[in-house]
Amino acid sequence: MRGTPEHELVERCRNGDETAFRELVEQYKGLVFAIMARSVAEPARAEELAQEAFLRVHQGLPYFRGEARLSTWIYRIVANLLAQERPDLATVSLDATFDDSDEPRVQPGADDRAFGDMMLRDRLDKAIRRLPVPYQVLVNGHYLKGLRYEDLAEALNMPMGTVKTHLHRAKRQLRHLLETEFR
């Protein structure tokens, strides 16, 4: 990271450059706000948590060593906040499994494609919120924000094989939820 624009931005923030911190927020707000909004049902609470995440980033920058990418470090802060916000789901076993039936997936029945897409997106968002927080973090990061397996493994301090396994299990749970509870 030394000598990269990311490193320079971090150094400017550490030196008290508020413009640099606004740049950092601007660069990463999409990641933070999207994950919070998809994980917390109440929009106002999701916004509060996103602001709390950036407050923690600001406070933690002096201790950021640069061993990981900045986005990975920020993602870890978001994951920790979500685990604190929803401890009931954070402690659910990641090994929970559901029936793997071969039933076809439920498709939206509306003729209007845009309405059908909106309904499907709403069902998916609700189903994602029902997943244990660790699964939400992985699904939101990988499938909705495009983070690589490697970055998730580093941010969450878990082996890459575990990340892949947990994403597979999360998809199975999502399919089950969509087929049974969110028809």
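Overview of values
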item	result
Residue check for residue 28: within 16 Å of residue 133 (Cβ to Cβ), among the aromatic types (Phe, Trp, Tyr) and part of a helix (DSSP H, G or I)	no
Hits in region 124-155 - residues which are within 12 Å of residue 35 (Cα to Cα), part of a helix (DSSP H, G or I) and among the small types (Gly, Ala, Ser)	141
Residue list for region 156-183, filter: under 15 Å from residue 134 (Cβ atoms) and part of a loop (DSSP other than H, G, I, E, B)	157, 158, 159
The one condition in (1) closer than 25 Å to residue 77 by Cβ; (2) at pLDDT below 85; (3) not hydrophobic (A, V, I, L, M, F, W, C) that residue 122 fails to fulfil	(1)
Residue satisfying condition, being at pLDDT below 90 and outside the structural domain of residue 81 (by TED's automatic domain parsing), within set 167, 156	156
Output for region 51-70, where each listed residue is assigned to a helix (DSSP H, G or I) and either under 18 Å from the mean Cα position of the chain (by Cα) or touching a residue at least 24 places away in the same chain (Cβ under 8 Å) (or both)	51, 52, 53, 54, 55, 56, 57, 58, 61, 62, 70
Hey, residue 141 at pLDDT below 90, buried (at least 20 other Cβ atoms within 10 Å of the Cβ) and either out of contact with any helix residue (DSSP H, G or I) (no Cβ under 8 Å at 6 or more places or on another chain) or not assigned by TED's automatic domain parsing to the domain that holds residue 81 (or both) or not	yes
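This table checks each residue for (1) crowded, with 19+ Cβ neighbours inside 10 Å; (2) at pLDDT 90 or above; (3) under 20 Å from residue 150 (Cβ atoms).
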| position | (1), (2), (3) |
| --- | --- |
| 3 | no, no, no |
| 12 | no, yes, no |
| 20 | no, yes, no |
| 35 | yes, no, yes |
| 41 | no, no, no |
| 55 | no, yes, no |
| 59 | no, yes, no |
| 74 | yes, yes, yes |
| 80 | no, no, yes |
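The values are calculated or read from the model by the stated rules, or taken from the named source; none is laboratory data. Since the structure is predicted, the reported quantities are computational estimates derived from the model, not experimental observations. Note that we place each Cβ from the backbone using ideal geometry, even for glycine, and neighbour counts take in every protein chain shown.
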